[in-house]
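Notes for the one structure printed next.
The values are calculated or read from the model by the stated rules, or taken from the named source; none is laboratory data. Since the model is a prediction, treat every value here as computed from it, not as a measurement. Cβ placement follows ideal geometry from the backbone for every residue including glycine, while neighbour counts extend to all protein chains displayed. Note: accessible area is taken over every heavy atom of the protein model, side chains too, but ligands, DNA and RNA are not part of it. Shrake-Rupley method; radii C 1.70, N 1.55, O 1.52, S 1.80 Å.
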Amino acid sequence: MGLLNKKTRTPAQVVVEDVVKIKKGERVLIVANPATAEIAQDLYSASSEAGALATLMYQPDKTSFDNANPEVLAAIASEPEVCFSISNIKLGKDPGATANPYTTEDGQKFTHIFDYLLDGKKTMRGAWTPGITADMMNRTAAIDYKQLQERCAKLTEIFKGAVSVHVTAPAGTNLVIPINGRGLLADDGDFSKPGTGGNIPAGEVFISPVVGGSTLKAADGSPLEQQSDGCEGTIVYDGSMTFSDGDSILETPITCKVEKGYVTDITGGAEARRLLKTIAEAELRPFALEKEGKLPKGQAEIYKKNARNIGELGIGLNPAANITGNMLEDEKAFHTCHFAIGENYDNDAPSLIHLDGVVREPTIVLTYGDGSSRTILMNGVLQLEN
């Protein structure tokens, strides 16, 4: 059966044709759980219709602390051109690479085969969907990707030369974030070249704050003499939050005090205690892993410290996304930003966790090296025209 016309394509066909742009003869691996079987089957069918050699495999649900099935890791290691991780929660960790990271020629280390092929060797492209539902796929996947890519490109240009970001919000967030030498990353829905990938639904830009205590870098990447003080201030999560056992809309805001790049205090209601429990587990577990030889000697202390690191500032850019209590969608919603606690995207703050939390209606101001500033969100509304 031939592909449907442009007006009647399924969301899976839009993803295959417009986002990943699968070509005839390419090897496509789809890893799913029983809960995501409908979406995975649609992607399998759309990939096959596009002429790909598609493989679909299932494993049980995996949490932030679980390992992926060895058969799944072996399948990814076969180096398909495209890999879809259609997970109900997470793909699962790679214990072999955690113990003995993959290393690129330039010295970058990767603790998962998926990340190594995507970001290290850049031989694979892919999409990952932790927590996706059929309803979310139907509402948020078939958007105007050209418009999204234009917004992401504009923000990427605006962020060039910025040294810090100041985020405030009505619920009480007030955080200064150093970004000297960091590059803005975009989940813009163009995963067509080897080494590119992102979420479905797509729709955010994000950046890793400079880690507290690390050496600052100039715009050209060369080290500067001074060290980063890290993020400073307060985050009040008032949208939704990721925990080790899933995501939730927050009934009571969670307040996190941040000093020198790390969360020092967490207050709120039951959800704050749930967050603290997840972080505490991520602080303790590395020592057991190191003792078992599953982490290199000396890494446990680093993993413990980074369980409180501010690992990401992201801005939602998908106009079809809403805050639903599912972080895959929530972090893409218009009029929001999100901060992650734990691992970052620049591979200099390894941790067992990356916990996203959403802040509503933020105002975001960039400061540049020459002292000038620019507002990019005002009370949640994008300011891209000036």
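Quick rundown of the values:
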quantity	calculated
Coil-residue trypsin sites (Lys or Arg not before Pro) of the range 224-289, DSSP, other Cβ within 10 Å capped at 16	260
Karplus-derived HN-Hα couplings along the range 11-23 (A = 6.51, B = -1.76, C = 1.60, θ = phi - 60°), whole Hz, x at Gly and Pro	x, 5, 5, 4, 4, 5, 8, 9, 9, 8, 6, 5, 10
Ordering of 348-357, 145-154, 77-86 by packing [mean C-beta count within 10 Å, highest first]	348-357, 77-86, 145-154
Amide hydrogen neighbours beyond the local backbone of residue 310, cut-off 5 Å, H modeled	263, 342
Distance between the range 289-355 and the range 46-98 - C-alpha centres, whole angstrom	20
Most fluctuating residue given options 248, 373, 164, as computed from a GNM of the chain linking Cα atoms under 10 Å	373
DSSP bridge pairs, the chain: antiparallel proportion in percent, nearest 5	75
Antiparallel DSSP beta bridges within the range 27-104, as percent of all bridges there, nearest 5	10
Principal axis box of the chain, alpha-carbon based, largest edge first, Å	59, 54, 44
Å² of accessible area per residue within the range 1-144, as computed with a 1.4 Å probe and no ligands counted	45
Paramagnetic reach from residue 99 in the range 51-86 [backbone N under 16 Å; point 7 Å along Cα→Cβ]	67-71, 73-74
Net dipole in debye of the chain [+1 Lys, Arg Cβ; -1 Asp, Glu Cβ; about Cα centre; nearest 20]	340
With every protein chain in place, the chain: carbon and sulfur % of accessible area (1.4 Å)	51
Added length on full extension, which subtracts the Cα-Cα distance from 0.36 nm per residue, residue 264 to residue 215	15.5 nm
R0 of 25 Å, Cβ-Cβ distance residue 284-residue 67: FRET efficiency to nearest 0.05	0.90
Contour excess over end-to-end distance, with Cα ends at residue 79 and residue 37 and 0.36 nm allotted per residue	12.8 nm
³J(HN,Hα) computed for each position of the range 260-270 - Karplus, 6.51 cos²θ - 1.76 cosθ + 1.60, integer Hz, glycine/proline x	6, x, 10, 6, 10, 8, 10, 10, x, x, 4
Residue 224 paired with residue 374, simple spin-label distance in nm, labels 7 Å along Cα-to-beta-carbon	1.9
Net length gained if the chain between residue 122 and residue 57 were fully extended (0.36 nm per residue, minus Cα distance)	21.1 nm
Förster radius 30 Å - calculated FRET efficiency between residue 385 and residue 234, Cβ distance, rounded to 0.05	0.50
For the range 1-103: rounded, prolate or oblate by the Cα gyration tensor [a/c cutoff 1.5]	prolate
Residue 322-residue 157 FRET efficiency (beta carbon distance; Förster radius 30 Å; 0.05 resolution)	0.60
Built amide H within the under 5 Å cut-off of residue 169, gap 5+	363
Under the Karplus curve 6.51 cos²θ - 1.76 cosθ + 1.60, θ = phi - 60°, whole-Hz ³J(HN,Hα) for the range 345-360, x wherever Gly or Pro sits	9, 9, 6, 10, 8, x, 7, 7, 10, 8, 9, 7, x, 9, 10, 8
